[in-house]
Amino acid sequence: MPPSLPGLATSGGRHRKPKEMSPSVRRAIVVAATAPVAATMLSAPSAFATDAVSQDRAHRNVSLPSEDAGESGDKPAFVKSVRPGADATGPGSVNRGIADALDARIDDPRLGTDLSGVVIDAASDEVIWDHDAATALMPASNTKLATATAALTVLGPDHRLTTEVVYADGTLTLVGGGDRTLTTEDLGVLADAAAAGLENAGLTSVEVRVDDSLFPEPALATGWNAGYYPNEIAPVRSLVVDGRAVQDTALDAGEVFAGLLTDRGVTVGGDVTRGAAGEGAVLVAEHRSEALSTIVKHMLKVSDNDIAESLLRTTALGAGRTATFEDGTAVVRDVLSGTYGVSLANFEMYDGSGLSRATRIPARTLADILDLTTDPRHRGVLRHVADGLPVAGEAGGTLGPEWGRFDTPDSSCAVGEVRGKTGTLTGAIALSGITPGKDGRWKVFSFVENGSTAPGDDIKDALDGLAASVNGCNT
């Protein structure tokens, strides 16, 4: 196991710009009825009067928090520093050893001929090893590193996604807020509040409608094909329950909600329909997701495509743009280049998940994104990216034993020592992450392989071996 991490360095900045989350930590804010009235809700909206003042739910731009910002008690996964007891003055021989080991390993036939790779010493930003690092290849789910960075920066780690129930003209409308983590249990809490409000208003029946107009009608991204739906990813809508892989997630969620109302004695008339909630609609109840930092960590750990695409659109909205692939990826580019100074040379991004076969990102850019997470100036926001990286050999993430990762004699020594984001598409496999070197200094690495004819598992084993060589445990 890696040793405990040191405190943040106080000097030496940068010189260049499938497991459900526990419902016990979910949070629902419910606005429930408090007093019955004789009139209908249309003429007497006070039937749904609130007990508590609702917090602002608007999308917002936020400035970077201070060093102490973030969830209380959390510690950064990585800092631009060295481990206790390490020799901070003599990394040269270790870095040369890493470079020599990687030079020997890239001739592995499993890696094919198209490999973009780089290793950076996080404390100094020195490039330790470079193999066609500026060559842009298909990064697969390593794209999610860019999506996560932009989402946390634009929206803030404490941002929450809100799902609402509103009432007007005999209809309860379930309004989607882009929360891909919404569950049937959450809808049940909303249904409880709605049923209580209807009873207080003297009503026993209602129609149900869904409003998923926060996002535009689903479309295929450049580099997608219709065969992705719904197994690889569901059509991207702002309303979904239980992450269900169906063609119309909004109507599906509405039908679940209607069934929950029926279970509570409410008569639901007709079929669930789609339509925008009117401006005069009365707020009945709302559910807020977990903090964005938690959602991002989950998205990275299990490489959830659906969450990534929802976050891309929510990020676009937070930056004042439209919730489309084009505007979402434009905001990502603006954040990476304008906010953090990451080079976008040869950078082409067409979606938030990495499913696009048209996306091209160099290994150097991926490493630079991860290197940001080691910078003390950004830790209040971007440490959640590092914290979300799967850990080699840890079950529940995409580097776990259930995925056959870090389980060969060549890589098992790095179990618990490597954190990395995986990426897999047909013809493209990637691994980018962070690990401590033998000198106790954190090393940032990225390896992107395209076009190898070896079996996918063999390619992944080879990449795991490269990461273990960065750690130095197999040399």
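The values are calculated or read from the model by the stated rules, or taken from the named source; none is laboratory data. Treat the numbers as computed from the prediction; the structure is a model and nothing was measured. Using ideal geometry, Cβ is built from the backbone for each residue, glycine included, and neighbour counts are taken over all protein chains shown. Surface areas here come from the heavy atoms of the whole protein model, side chains and all, with no ligands, DNA or RNA. Shrake-Rupley method; radii C 1.70, N 1.55, O 1.52, S 1.80 Å.
General observations
- Failed condition for Tyr350, given (1) within 22 Å of Thr426 (Cβ to Cβ); (2) open to solvent by less than 10 Å² (accessible area, probe 1.4 Å); (3) assigned to a loop (DSSP other than H, G, I, E, B): (2)
- The single residue among Asp464, Asp458 that is of a type in the set (Asp, Glu), surrounded by fewer than 22 Cβ atoms within 10 Å (Cβ to Cβ) and either in contact with a Cys (Cβ under 9 Å, 6 or more places away or on another chain) or modelled with pLDDT of 95 or more (or both) turns out to be Asp458.
Residue by residue, here is whether (1) among the β-branched types (Val, Ile, Thr); (2) over 20 Å from Gly354 (Cα atoms); (3) open to solvent by less than 20 Å² (accessible area, probe 1.4 Å); (4) over 22 Å from the mean Cα position of the chain (by Cα) holds:
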residue	(1), (2), (3), (4)
Val127	yes, yes, no, yes
Ala136	no, no, no, yes
Pro139	no, no, yes, no
Ala150	no, no, yes, no
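- Residue check for Asp248: of a type outside the set (A, V, I, L, M), more than 19 Å from Ala168 (Cα to Cα) and surrounded by 14 or more Cβ atoms within 10 Å (Cβ to Cβ): yes
- The set of residues in the stretch 420-458 being in contact with a Gly (Cβ under 8 Å, 6 or more places away or on another chain) and either farther than 19 Å from Arg364 by Cβ or part of a loop (DSSP other than H, G, I, E, B) (or both) consists of Thr424, Leu425, Gly427, Gly437, Lys438, Asp439, Gly440, Gly451, Ser452, Thr453, Ala454, Asp457.
- Note on the stretch 372-390: residues that are open to solvent by 10 Å² or more (accessible area, probe 1.4 Å) and more than 16 Å from the chain's Cα centre (by Cα) amount to 4.
- Residues that are surrounded by 14 or more Cβ atoms within 10 Å (Cβ to Cβ), of a type in the set (A, V, I, L, M, F, W, C) and farther than 30 Å from Arg264 by Cβ within the stretch 205-230 comprise Leu220, Ala221, Trp224, listed in sequence order.
- Filter pass, Pro235 being under 27 Å from Thr315 (Cβ atoms) and crowded, with 18+ Cβ neighbours inside 10 Å: yes
- Considering the conditions (1) charged (D, E, K, R); (2) modelled with pLDDT under 95; (3) open to solvent by less than 60 Å² (accessible area, probe 1.4 Å), Asp327 is excluded by exactly one of them, (2).
- Residue match in the stretch 358-371 (condition: more than 19 Å from Thr315 (Cα to Cα), part of a helix (DSSP H, G or I), open to solvent by 20 Å² or more (accessible area, probe 1.4 Å) and not aliphatic (A, V, I, L, M)): yes
- Failed item in (1) in a loop (DSSP other than H, G, I, E, B); (2) in contact with a strand residue (DSSP E or B) (Cβ under 8 Å, 6 or more places away or on another chain), with Asp242 passing the rest: (2)
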